[in-house]
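The values are calculated or read from the model by the stated rules, or taken from the named source; none is laboratory data. Because the structure is predicted, anything quoted here is derived from the model rather than measured. Heads up, the Cβs are rebuilt from the backbone with ideal geometry, glycines too, and the neighbour counts pull from every protein chain shown. Remember, those area values only see protein heavy atoms, side chains included, never the ligands or the DNA or RNA. Shrake-Rupley method; radii C 1.70, N 1.55, O 1.52, S 1.80 Å.
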Amino acid sequence: HPSSVRVRTDRGTVIVPVPSNGNPVPVQVPAGNTASITVSTAAVRGSGLGYLGLSEVHVPGLSVTRTLDTTEAPGSPVIALQGDQTARRSCYQLLTQFLCASTVGQAGEVTGIDRTLHLTGGGSYRLFASAVPRPGKALNAVLDQGTGVEVEASSTDVDSPVARPGTVLDGDLGTGWRAAAGDLDPTLTITYPTRQTISGLRLQVQTSLAASRARAVNVDSPDGSRSGTLDQNGHLRFAPLVTNRLTVHLKDVVPATSLDPYTLNGSLLPVGVSELTLDGARKPSTPSFIVTIPCNAGPVIRVGDQLLSTTVRTDRATLQQEGRLTLTVCDPSKVGSSAVGSGAVDVNTVDVGDGTRVLAPASNIFRPVALTLRPQVGDALANPAQPATPITLSQWGATSRRVAVPARDAASLLEVHENTNPGWVATLAGHRLQSVQVDGWQQGWVVPAGAAGTVSLEFQPDRTFRAGLLAGGAALALLLLLLVLPGTSVAQPVAARRPGRVTLVSLAVGLALVGGWVAVAFCVLATLLLAGQGRLSGLRAALASACLLVAGLLLADHPWPQAGYAGRSALPQVLCLAAVVLVWSAMLTALPSLPSFLRLPNRRSFRRSAGRSTST
């Protein structure tokens with residue numbers, strides 16, 4: 001680990017010691033403007049290899065953003081921009097209950113959408129946008145608004161609206177709160193707007209809530225304290241306590257364990273509560289079913305130099321379950337209004353050209369996940385920012401796919417998370433679908449409104465590729481047939497140019513560069529065994545043909561682009577290399593002379609040496 005780091009700017013360099021406890025390191029760099037800041041290791045602790053890791057670099061007054069340049073698109077196409085798709089919720093609904101696990105959730109990219117468009121055309125576009133709720137205190141406050149009670153917790157294990165502290169007073173056993181692992185004093189604090197007379201409490205822990213259970217509580221308030229052990233129903237009665245604020249400490253926890261099905265490792269579960277009932281206190285009010293986020297609280301979208309405020313109107317269940325929501329662009333004259341009917345319009349028009357930057361940063365409540373810019377003329381999508389609809393895959397191959405799409409009241413966008421490729425063609429009921437480039441790189445098609453059907457996706461260049469394979473196979477069969485059929489004419493000798501030694505050496509060097517030591521070994525072996533042996537030409541041709549035939553069969557059995565493509569394995573490559581070396585060795589026989597150790601005596605020389613000499 002580094003014991004000091006070097007920080008260099010255009011104005012100078014400073015060396016700063018780094019403590020071993022991992023605390024932040026303040027750096028005072030030379031004053032003045034700089035175009036870059038470089039951090040490198042100046043000295044290390046101990047010996048051997050190490051590394052430099054930076055968790056965060058903070059420069060006061062500097063806000064760093066990163067835009068993604070989309071690929072160039074001609075004309076005025078439908079522009080579909082997608083946010084990060086790696087985010088994953090921590091809680092999922094099973095019938096009337098929510099199952100949560102802290103290891104399941106994944107935050108993903110929380111910054112929002114930042115893209116720079118490159119269009120050869122441009123013009124006026126209409127904006128559609130959608131977002132998902134962003135778990136946190138701001139979202140919890142929106143969901144708890146109107147209940148008349150405020151609930152806080154010492155910690156929270158799962159960052160999800162359905163597991164927020166306020167769910168312990170929502171009257172729903174399917175939701176619940178859990179303290180974070182390692183919380184030594186898990187507490188729930190309840191605050192009322194007026195003083196309440198509380199004479200007891202009851203803790204309920206549903207079996208679906210993966211949590212340990214408390215058997216005793218300590219109740220603290222500005223007006224007194226109470227404590228005791230819960231009965232078998234989780235109930236505790238105590239002397240009336242008149243207060244508007246009390247803190248419940250969960251004590252004497254009965255530990256519960258969980259088993260990871262993948263690693264088979266067990267772990268202790270934190271304490272949790274599905275429902276908390278306070279005897280004598282008024283019940284929380286039922287908040288309105290519809291939640292309206294005013295324009296000054298929704299994400300602000302920027303397209304070029306235009307700023308667009310947004311509002312959200314949705315039901316409480318969708319907001320609590322982190323469902324996908326439609327962002328409505330507000331009328332600039334009504335920003336801050338909470339009335340959707342008078343404070344917002346359905347769409348707003350923006351000007352888009354080459355180099356236009358589109359920004360949709362996350363707010364403290366919502367994270368934009370999709371933006372669609374639709375040209376004013378010739379647009380195909382009625383509402384491209386509508387929530388995603390699940391589809392059924394009936395066939396999903398490398399070059400041919402079938403996707404079942406449900407009935408649609410409006411045109412929809414079919415997305416495939418792969419690089420866009422003009423070779424892919426989508427058809428529905430025999431009609432070719434319009435291709436759309438999603439987020440500047442992904443493949444997509446516009447599916448018009450209509451009844452349920454099956455979209456066929458075909459990679460058309462594959463037909464030419466397969467036709468070429470068939471033509472090559474037919475040519476090979478014809479060649480083999482010509483080799484087998486007897487000749488009908490006498491071959492006439494034709495003077496041919498013999499390859500020189502320089503040519504053969506150059507070919508051998510090329511083989512060595514391509515095939516490495518395997519090619520070198522094959523060349524040496526072929527030279528020693530086959531060079532200069534004209535009578536072995538038939539064997540050489542048969543071996544070369546056999547090598548190519550076996551390699552071809554392996555490639556045909558595992559063709560590209562399958563996962564087990566045979567071309568990536570060693571055997572087909574070695575067989576093809578051996579065939580090329582055999583062809584190269586045949587050229588050695590055409591040399592005018594070879595070293596004597598490469599020329600073996602033929603049968604005639606043996607017969608002459610075996611006879612009696614005629615000389616005297």
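Some notes on this structure:
- Test: residue in the range 404-416 that is closer than 20 Å to THR70 by Cα, open to solvent by 40 Å² or more (accessible area, probe 1.4 Å) and either among the aromatic types (Phe, Trp, Tyr) or modelled with pLDDT of 85 or more (or both): no
- Flag for THR616 being over 24 Å from VAL505 (Cα atoms), modelled with pLDDT under 80 and among the polar types (S, T, N, Q): yes
Residue-wise test of (1) touching a residue at least 24 places away in the same chain (Cβ under 8 Å); (2) open to solvent by 20 Å² or more (accessible area, probe 1.4 Å); (3) outside any strand (DSSP E or B).
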| residue | (1), (2), (3) |
| --- | --- |
| ASP172 | yes, yes, yes |
| THR175 | yes, no, yes |
| ALA180 | yes, yes, yes |
| ASP183 | yes, yes, yes |
| THR194 | yes, yes, no |
| LEU201 | yes, no, no |
| ALA214 | yes, no, no |
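- Checked against (1) of a type in the set (A, V, I, L, M, F, W, C); (2) open to solvent by 40 Å² or more (accessible area, probe 1.4 Å); (3) touching a residue at least 40 places away in the same chain (Cβ under 8 Å), ALA80 meets all criteria but (2).
- The residues of the range 421-474 that are of a type in the set (D, E, K, R), within 26 Å of THR71 (Cα to Cα) and either open to solvent by 70 Å² or more (accessible area, probe 1.4 Å) or touching a Cys at 6+ places or on another chain (Cβ under 6 Å) (or both) amount to a single one, ARG432.
- Each residue in the range 280-314 was checked for being in a strand (DSSP E or B) and either open to solvent by 40 Å² or more (accessible area, probe 1.4 Å) or in contact with a helix residue (DSSP H, G or I) (Cβ under 9 Å, 6 or more places away or on another chain) (or both), and 13 of them qualify.
- Filter result for SER102 (modelled with pLDDT under 90 and either more than 30 Å from LEU259 (Cβ to Cβ) or outside any strand (DSSP E or B) (or both)): yes
- Flag for ALA579 being open to solvent by less than 80 Å² (accessible area, probe 1.4 Å), at pLDDT 55 or above and not in a helix (DSSP H, G or I): no
- Of all residues in the range 176-194, one or more are closer than 30 Å to PHE366 by Cβ, basic (Lys, Arg) and under 38 Å from the mean Cα position of the chain (by Cα).
- Qualifying residue in the range 125-134 (condition: closer than 30 Å to GLY353 by Cβ and open to solvent by 30 Å² or more (accessible area, probe 1.4 Å)): yes
- Scanning the range 203-212 for residues that are more than 20 Å from SER227 (Cα to Cα) and surrounded by 16 or more Cβ atoms within 10 Å (Cβ to Cβ) gives GLN206, SER208, LEU209, ALA210, ALA211.
- The set of residues in the range 275-311 that are β-branched (Val, Ile, Thr) and touching a Pro at 6+ places or on another chain (Cβ under 9 Å) comprises VAL300, ILE301, THR310, THR311.
- Conditions (1) among the acidic types (Asp, Glu); (2) surrounded by 14 or more Cβ atoms within 10 Å (Cβ to Cβ); (3) part of a strand (DSSP E or B): number failed by ASP252: (2)
- Contact annotation: residue pairs with Cβ atoms under 9 Å, 6 or more positions apart or on different chains, pairing a residue in the range 53-66 that is more than 24 Å from ILE113 (Cβ to Cβ) and open to solvent by less than 100 Å² (accessible area, probe 1.4 Å) with a partner that is at pLDDT below 80 and part of a loop (DSSP other than H, G, I, E, B), are GLY53/HIS1.
- Selection status of ARG11, loosely packed, with under 13 Cβ neighbours inside 10 Å and over 16 Å from SER55 (Cβ atoms): yes
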